[in-house]
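Trainee: What follows is a structure written as structure tokens; I'll ask about it next.
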Amino acid sequence: MLSPDFFDPLPDAAGLTPEYQRFIAGAHNFEDVLTLSRRWTNDQRFRAGAHILRGITDGDRCGPFLADLADVVVPELAARVEEEFAARHGRIPGGAWVVVAMGKLGSRQLTITSDIDLIVVYEVPPGTRQSDGAKPLAPNEYYIKLTQRLTNAITAPMADGRLYEVDMRLRPSGNAGPLATALDAFTAYQAKDAWTWEHMALTRARVIGSDSGGGDPALGHKVESAIRGVLTGPRDPAKVLRDVADMRRRIDKEFGTTNPWNVKYARGGLIDIEFTAQYLQLRHGHAHPDILSIATSRALLNAAAAGLLAPEVAEELVATLKLWRRVQGFLRLTTDGVLDPRQVSPTLREGLSRAAFPDEEPAVDFAALDSRIRDIAARAHRHFVALVEEPASRLPPPETNEEAKLP
């Protein structure tokens, strides 16, 4: 039976933290912590889903709550994993590590079914050779194995399922790189070897847990400073423009669709709007550092405030972004995969219409709703074309034949 407060407003991280700590307080060992963490997190996700379906919240407003769940649980597991790991391998004297959230978690816009994008950065004093435990490890091996343990703790299937799927492909050098990266190597890579898409990903990067026991606060500040340094560094505007346009073209070639309900990949959908915000931040971050924000909507509004984007365009893109998040949040709960416009029941149509346009009466028929969504997507697509694709098409060919690689 649902508790009386089940449909109360969803709490933020400050309210979730003590609740989670009380829930896992009865754990007798590390495995109990993993089990209880899954149970608690899945209960909270179920609660969020029920709120979305009842119209108490929506996929846009619920994103920060779902991110708060991960912000609470992942750092706690990181601390528990480190404690278990140290029992065998000791600790690196003076060493520290932090977990960096990327993607939807980094931007605080998770969905019910999102995986989480993470990278791990560590730092050790110069000359440090190994950990101080019974089974000592060299620093790089120590933090790589520690990261593996953390990933396993999050993803291992148990009676209550997985906590999250974890994607670590956004780390330096992607799947070819080590699971954990030293701070100096991370900084050097971003300065010399990173591709434009990797810097785009950094616009949504943030350290999690370093101020709440799940990592080292001093290192967390260093990593955030390094990320900001990358995003505010000078760069070639033509290269940024060309690379962003080329990346979008490649994604469209591989995943393109004419179905507007595939709100991630459809033209005018999430990727077009997110790429617009990321392009503006990389293009103007050096001269206008105040435009930077992990939140796509805030970055667009910041760009408008700085005179870099027409205010009416920013407002329209933000409204469309929120619409796509509402639609995506609802569809993740009600469909298996992408919505097929040819197979929409009256009940699904009404619920989808309410989710998309909560302040209006539901659409009379799906054709009208579908037509409206296509018109909105087309307008967002035109903005991307005007801001990125058309200017890129007028650029002279690059001097080298380098091609942007995708993760």
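Trainee: Among ARG349, ARG248, ARG354, ARG283, which is the only one that is in a helix (DSSP H, G or I) and open to solvent by less than 30 Å² (accessible area, probe 1.4 Å)? Outline the logic, then answer.
Mentor: Details: ARG349 fails: open to solvent by less than 30 Å² (accessible area, probe 1.4 Å); ARG354 fails: open to solvent by less than 30 Å² (accessible area, probe 1.4 Å); ARG283 fails: open to solvent by less than 30 Å² (accessible area, probe 1.4 Å).
None of the others qualify; the one that does is ARG248.
Trainee: Can you give me the number of residues within the range 287-312 that are of a type in the set (S, T, N, Q), closer than 21 Å to GLY269 by Cβ and crowded, with 20+ Cβ neighbours inside 10 Å?
Mentor: Total satisfying the criteria: 2.
Trainee: Output the residues belonging to the range 113-145 that are hydrophobic (A, V, I, L, M, F, W, C), open to solvent by less than 20 Å² (accessible area, probe 1.4 Å) and either at pLDDT below 95 or over 22 Å from the mean Cα position of the chain (by Cα) (or both).
Mentor: LEU137
Trainee: Name the residue, out of GLY161, GLY103, that is surrounded by 16 or more Cβ atoms within 10 Å (Cβ to Cβ), of a type outside the set (Phe, Trp, Tyr) and within 30 Å of GLY337 (Cα to Cα).
Mentor: Working: GLY161 fails: surrounded by 16 or more Cβ atoms within 10 Å (Cβ to Cβ).
Going through GLY161, GLY103 in turn, the sole match is GLY103.
Trainee: Does the range 286-306 hold any residues that are assigned to a helix (DSSP H, G or I) and in contact (Cβ under 8 Å) with a residue 24 or more places away in the chain, and which are they?
Mentor: If the condition is that a residue be assigned to a helix (DSSP H, G or I) and in contact (Cβ under 8 Å) with a residue 24 or more places away in the chain, then PRO289, THR296, SER297, ALA299, LEU300, ALA303 are the ones that fit.
Trainee: Something else about it: Identify all residues within the range 274-312 that are within 23 Å of PRO234 (Cβ to Cβ) and of a type in the set (Lys, Arg); write none if there are none.
Mentor: Residue satisfying the conditions is ARG283 alone.
Trainee: GLY26 versus (1) in contact with a Leu (Cβ under 8 Å, 6 or more places away or on another chain); (2) modelled with pLDDT of 95 or more; (3) farther than 27 Å from GLY174 by Cα: which is the lone unmet condition?
Mentor: Condition (2) is where GLY26 drops out.
Trainee: Residues that are at positive phi and assigned to a loop (DSSP other than H, G, I, E, B): does the range 161-173 have at least one? Talk me through it step by step, then tell me what you get.
Mentor: Keep residues of the range 161-173 that are at positive phi, which gives 161, 173.
Subset that is assigned to a loop (DSSP other than H, G, I, E, B): 173.
Looking through the range 161-173, at least one residue is at positive phi and assigned to a loop (DSSP other than H, G, I, E, B).
Trainee: Okay, moving on. Being in contact with a helix residue (DSSP H, G or I) (Cβ under 7 Å, 6 or more places away or on another chain) and in contact (Cβ under 8 Å) with a residue 60 or more places away in the chain is the filter here; which residues of the range 82-101 pass it?
Mentor: Once the filter is applied, which keeps residues that are in contact with a helix residue (DSSP H, G or I) (Cβ under 7 Å, 6 or more places away or on another chain) and in contact (Cβ under 8 Å) with a residue 60 or more places away in the chain, the range 82-101 yields GLU82, GLU84, PHE85, ALA96, TRP97, VAL98, VAL99, VAL100.
Trainee: Taking the stated definitions as given, is THR320 surrounded by 15 or more Cβ atoms within 10 Å (Cβ to Cβ) and over 30 Å from ARG228 (Cα atoms)?
Mentor: Taking the combined requirement at face value, the residue does not satisfy it.
Trainee: A further question on this structure: Determine whether the range 102-124 contains at least one residue that is without any contact (Cβ under 8 Å) to a residue 12 or more places away in the chain and either among the hydrophobic types (A, V, I, L, M, F, W, C) or more than 30 Å from GLN328 (Cα to Cα) (or both).
Mentor: no
Trainee: If you don't mind, another one. Looking at the range 390-402, which of its residues are within 31 Å of the chain's Cα centre (by Cα), at pLDDT 95 or above and surrounded by fewer than 17 Cβ atoms within 10 Å (Cβ to Cβ)?
Mentor: The answer is GLU390, PRO391, SER393.
Trainee: Out of the range 50-71, which residues are of a type in the set (Gly, Ala, Ser), over 17 Å from LEU150 (Cβ atoms) and crowded, with 21+ Cβ neighbours inside 10 Å? Steps first, please.
Mentor: Our first condition is that a residue be of a type in the set (Gly, Ala, Ser); within the range 50-71, this holds for 50, 55, 59, 63, 67, 70.
In the following step, the residues that additionally are over 17 Å from LEU150 (Cβ atoms) were identified as 50, 55, 59, 63, 67.
Hits for the range 50-71 are GLY59, GLY63, ALA67.
Trainee: Could you check TRP40 against (1) open to solvent by 10 Å² or more (accessible area, probe 1.4 Å); (2) free of Cβ contacts under 8 Å to residues at least 40 places away in the same chain and say which number it fails?
Mentor: (1)
Trainee: Right, something else. Only one of ALA50, ALA79 is free of Cβ contacts under 8 Å to residues at least 60 places away in the same chain and aliphatic (A, V, I, L, M). Can you tell me which?
Mentor: ALA50
Trainee: Does GLY233 satisfy the condition of being within 23 Å of LEU110 (Cα to Cα) and part of a loop (DSSP other than H, G, I, E, B)?
Mentor: No; evaluated as a whole, the condition is false for this residue.
The values are calculated or read from the model by the stated rules, or taken from the named source; none is laboratory data. All figures in this text were calculated on a predicted structure; none of them were measured in a lab. Neighbour counts are summed over all protein chains in view; Cβ atoms, including those assigned to glycine, are modelled from backbone coordinates with ideal geometry. Accessible surface is based on the protein model in full, side chains and every heavy atom, while ligands, DNA and RNA are left aside. Shrake-Rupley method; radii C 1.70, N 1.55, O 1.52, S 1.80 Å.
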